[in-house]
Each structure stands twice: as C-alpha cells, then as structure tokens.
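Taking it in order: structure first as structure tokens, then the write-up.
The values are calculated or read from the model by the stated rules, or taken from the named source; none is laboratory data. This is a predicted model, so every value here is computed, not measured. In this analysis, Cβ positions are derived from the backbone assuming ideal geometry, glycine residues included, and neighbour counts consider all displayed protein chains.
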Amino acid sequence: MATAPTAIAIFGATGNLGSSIVNALLATGRHNVTSIGRLESKTSLPEAVRVVKGDLNSPTFLKQALQGHDAVIIALGLDTPQALDKAIVTAAAEADIKYIFPNEFVSQDSLRKHFPFGLHEKKNEIRTLIEKLGKSRWIAIVNGTCYDFSLLAGSYNIDVGKRRATIWTPSTAAANFTTVAKVGKAIAALLSLEEDQLKQYVNRCVYISSFKVSQLDILKSVQHATQTQPTDWQITHENVDEAVRDGQESAKQGKVEGLIKVIYAMQFLSGAGGDYEAMHGTSDVELGLEREDLDMVTRDAVAKSFYGSVTENGDWAEE
C-alpha cells in the first residue's frame with residue numbers, strides 16, 4: 001500500500017489561511033513542511049517549518065525549491081497574478097509533484113454566472129494546465145468564505161466595533177461557511193490519507209463546511225457575543241442583487257474590493273450556490289471533521305479581536 005504524502009511545500013505560509021494550514025499539518029506529526037516565499041518576505045513560522053526564499057519569477061528557483069516534495073499548496077492572496085500560479089504548477093510538474101492544491105479556496109464552479117470578469121475561467125485554466133502537463137493532480141477545496149477572518153474584516157457587512165450592519169435583502173438565504181482552522185484541518189486530513197484513499201479526491205472539488213447560516217443568523221450571533229441588543233445597532237439594508245451587480249461592475253474595472261463584494265454578497269443570493277451543501281454534500285464526516293457551533297466561533301473571534309480573553313465563567317476579561 002502506498003503511503004501518505006509527507007513532504008509538503010506551501011506558498012503563502014504566513015498568511016491567515018496559510019498559517020492555519022501549516023499548523024494543521026504539523027499537528028498531525030506526519031508531515032515535513034516547507035514554506036516557499038520571496039526573498040524580501042518576513043517570516044514568522046514554527047521552528048519545524050523549513051523556509052526557502054528566492055525569486056518567485058524564476059522558473060529555475062521554483063523547480064529547485066519544489067524538488068523532493070509530494071504536494072504543493074498555493075495559499076496566496078486574491079491579487080496574486082495568474083502568471084505566478086501558472087509558473088508554480090509548471091515547476092511542480094517539472095519537479096514531479098504528485099498533488100497540487102490550487103489557489104482557489106472559497107467558491108465553486110456553479111457560481112460562474114456571477115463572475116463575468118473571469119474568476120472561474122482563471123481557475124479552470126490552472127486546473128486544465130495541471131492536467132495537460134500530466135505530472136500532477138489537483139484537489140480544490142470549497143469552503144464558502146473563511147468565517148472568523150471574514151467576520152472581523154467586516155466582509156459580511158457587519159462592523160462589530162462600530163455596531164453597524166448593512167443587511168442584504170431578502171435576508172432569508174442561508175449559505176455554507178468554514179473557519180480558517182477547519183480549512184487547515186481539511187487539507188491536513190486529506191494529506192494524511194494513504195494514496196489509494198487520496199486518489200478518490202483528485203481532479204475534483206472537495207466540499208467542507210463549519211455551519212450553514214444566513215446573514216441575520218450571523219448578526220444575531222455577533223449581538224449575542226457582544227452582549228448587545230438590536231437597538232444598540234445601526235442597521236441599514238441593500239438589495240443583494242444590486243450589491244452583486246455593483247461589485248461586478250467594480251471588479252470589471254480591476255478593483256479588488258469589487259471582487260470581494262461579489263464573493264460575499266452572492267453567498268446570500270438565493271439560488272446562487274452559496275448553499276453548496278444542498279447540491280454536493282460535504283466531505284466533513286469522511287475526513288473526520290466536526291461541524292462547529294456558530295455562537296462559539298463568533299464568541300471566540302470577537303473575544304480575540306476586541307475583548308482579550310474569556311474567563312472560565314464566560315465573562316469578558318479585558319487585557
């Protein structure tokens with residue numbers, strides 16, 4: 001029986017998502033992790049992580065950095081040039097990398113019609129290139145949006161600190177969301193499978209989710225976590241279809257904020273695919289991943305950001 005992949009390379013290891021993936025891989029005790037980054041990048045990684053820096057525009061450097069690895073994970077930002085993604089997967093093929101997790105977390109193919117500016121076409125170009133090169137196989141993680149990070153960034157139109165929220169209407173549609181930590185655990189679980197088990201996930205999307213909730217559910221959870229009442233908040237409303245169209249127009253002009261608005265607003269657009277669990281199910285159970293509690297996750301995120309820590313009896317403890 002072929003063994004599980006053990007030598008893992010990752011691009012974007014110091015980011016919110018990348019660091020979670022690194023921590024999850026190390027927690028298994030089964031993986032040797034290499035962070036590959038730019039010469040000028042500032043790294044703050046666990047001692048167990050091997051750090052390799054160089055010119056990411058150099059095919060020679062990329063190939064040398066990737067040699068000897070079983071899998072590569074690309075966890076770079078939304079503004080990463082597609083040319084870099086293509087260079088990485090090309091170098092991965094030349095280095096005989098078996099598995100590639102492309103830089104396409106969050107959304108799924110059924111959302112294509114809401115991204116006329118080519119986001120999903122670019123994803124498919126990378127998948128097609130991997131298959132054409134013929135040396136590697138891809139695994140795409142679909143996780144909705146990373147809930148805890150997105151919440152504190154205000155991406156759900158809920159400003160926790162200022163007690164302001166703009167609700168996309170109609171607000172009854174529920175969508176799937178996943179915490180940053182669970183995305184990392186999912187990848188670690190996949191890369192801990194023996195290769196005869198892992199092959200059932202190659203060249204396809206793997207769906208995971210922490211919970212399925214509406215924007216109003218999120219707002220109520222934040223109010224519970226902050227011990228506030230609806231009357232303490234300034235609430236406005238925006239039609240979700242108009243929000244998506246506005247974001248599309250902005251994204252066509254090359255504005256990242258427009259792309260972000262589309263990604264987040266369309267989750268609550270009925271029939272748009274934000275509720276991907278209804279169509280595809282999830283791989284949570286088979287990968288040994290537990291569902292999470294919305295209120296607990298919200299409470300922890302808000303506590304870390306605004307209140308310091310939480311005491312044993314559940315009260316807020318200022319730091």
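Of note:
- Test: residue in region 87-94 that is more than 18 Å from the chain's Cα centre (by Cα) and modelled with pLDDT under 95: no
- If you go through region 68-86 and pick out every residue that is buried (at least 18 other Cβ atoms within 10 Å of the Cβ) and in a helix (DSSP H, G or I), you end up with 1.
- Residue list for region 215-230, filter: surrounded by 19 or more Cβ atoms within 10 Å (Cβ to Cβ) and either closer than 21 Å to Ala265 by Cβ or not hydroxyl-bearing (Ser, Thr, Tyr) (or both): Gln215, Ile218, Leu219, Ser221, Val222, Gln223, Ala225
- Those residues of region 20-31 which are without any contact (Cβ under 8 Å) to a residue 60 or more places away in the chain and touching a Pro at 6+ places or on another chain (Cβ under 9 Å), in sequence order: Leu26
- Residue count, region 129-161 (criterion: part of a loop (DSSP other than H, G, I, E, B) and touching a helix residue (DSSP H, G or I) at 6+ places or on another chain (Cβ under 8 Å)): 11
- Residue in region 23-33 that is more than 21 Å from the chain's Cα centre (by Cα) and of a type in the set (Gly, Ala, Ser) present: yes
- Among the residues of region 38-67, the ones that are assigned to a strand (DSSP E or B) and out of contact with any Phe, Trp or Tyr (no Cβ under 7 Å at 6 or more places or on another chain) come to 5 in all.
- Ala165 satisfies every condition listed in (1) over 18 Å from Leu269 (Cα atoms); (2) at pLDDT 95 or above except (1).
- Considered as a group, the residues in region 229-277 that are in contact (Cβ under 8 Å) with a residue 12 or more places away in the chain and of a type in the set (Asp, Glu) include one that is farthest from Val160 (Cα to Cα), and that residue is Glu277.
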